[in-house]
1. Between their Cα atoms, which of A:Lys38/A:Lys78; A:Lys70/B:Lys57; A:Lys105/B:Lys14; A:Lys73/A:Lys105; A:Lys70/A:Lys100; A:Lys55/A:Lys78 are more than 23 Å away from each other?
2. Give me the net charge of B:Gly72's neighbourhood, meaning all other residues with Cβ under 13 Å from the Cβ of B:Gly72; Lys, Arg count +1, Asp, Glu -1.
3. So how many Å³ per residue does the convex hull of the Cα atoms of the range B:11-59 work out to?
4. Report the antiparallel proportion of the DSSP beta bridges in the protein assembly as shown as a percent, rounded to a multiple of 5.
5. At 1.306 mPa s and 10 °C, plugging the Kirkwood radius over alpha-carbon pairs of chain B into Stokes-Einstein gives what diffusion coefficient in µm²/s?
6. For the protein assembly as shown, treating each Cα as an identical point scatterer without solvent, what Debye log10 I(q)/I(0) comes out at q = 0.14, 0.17, 0.18 1/Å?
7. Quick check on the exposure proxy: order B:Arg9, B:Arg31 from fewest to most C-beta atoms within 10 angstrom.
8. Hey, what did chain A get for relative contact order, percent, Cα under 8 Å, at least 6 apart?
Amino acid sequence: AQTVTQSQPEMSVQEAETVTLSCTYDTSESDYYLFWYKQPPSRQMILVIRQEAYKQQNATENRFSVNFQKAAKSFSLKISDSQLGDAAMYFCALEGGSEKLVFGKGTKLTVNP
Amino acid sequence: DTGVSQNPRHKITKRGQNVTFRCDPISEHNRLYWYRQTLGQGPEFLTYFQNEAQLEKSRLLSDRFSAERPKGSFSTLEIQRTEQGDSAMYLCASSLISADTQYFGPGTRLTVL
């Protein structure tokens, strides 16, 4: 079975500072994809960033970057220069050959002005 | 491209009633997924379609749940004889066959009284 674990139920960050959200996963697949999705309050889930497991280079998307440690099965998300609009639930997800996404329980990020 | 749309956005029903939700995927996307999200949890996979074929159903999907995608475009999810435990957000997502990024709709929030 594939699993995704987010060990931080809540995190907070000051505006303009940097925050890192943690995610670990487990899969027996050699080819898989990892995702971070953002779900603002009462709004739809939006893709933040994705990482192909076969790529060694960490994905980046503007202020968002990941630290992908394949051997450790770790996939953390770093948000730089945090903005008030970054406040949301963040979900880590894995797609490992089964066509479906397996999600963690999420981390609620609060951005303080 | 207007993204994935879902209707209704909210549904309140009494226990024992039947409900039906609709999902319209991004127009060129061949794959369509249904997930269920309860409060404080990440989404859980229910079922998915490739074109009009339903290729996988989760064990979470009891016999009271049925999903269709008759012409390979929009999809419906029906819940018969609703129970209070069915109260949740029902999310639809779509993707291209050759891609692995799923794009989500805003969801239908079901409340069973």
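1. A:Lys70/B:Lys57; A:Lys105/B:Lys14
2. Every neighbour counted, the sum reads -1.
3. Expressed per residue, the convex hull around the Cα atoms of the range B:11-59 is 128 Å³.
4. 90 percent
5. Rounded, D is 114 µm²/s.
6. Summing over Cα pairs of the protein assembly as shown leads to -0.89, -1.24, -1.34.
7. So the ranking, lowest neighbour count to highest, is B:Arg9, B:Arg31.
8. Computed over chain A, the figure is 38 percent.
Since every read-out is calculated from the coordinates, none of them should be taken as a lab result. Note that the structure is a prediction, hence the values are computed from the model and not measured. Reconstructed Cβ throughout: ideal geometry from the backbone, glycine too, with neighbour counts over all protein chains shown.
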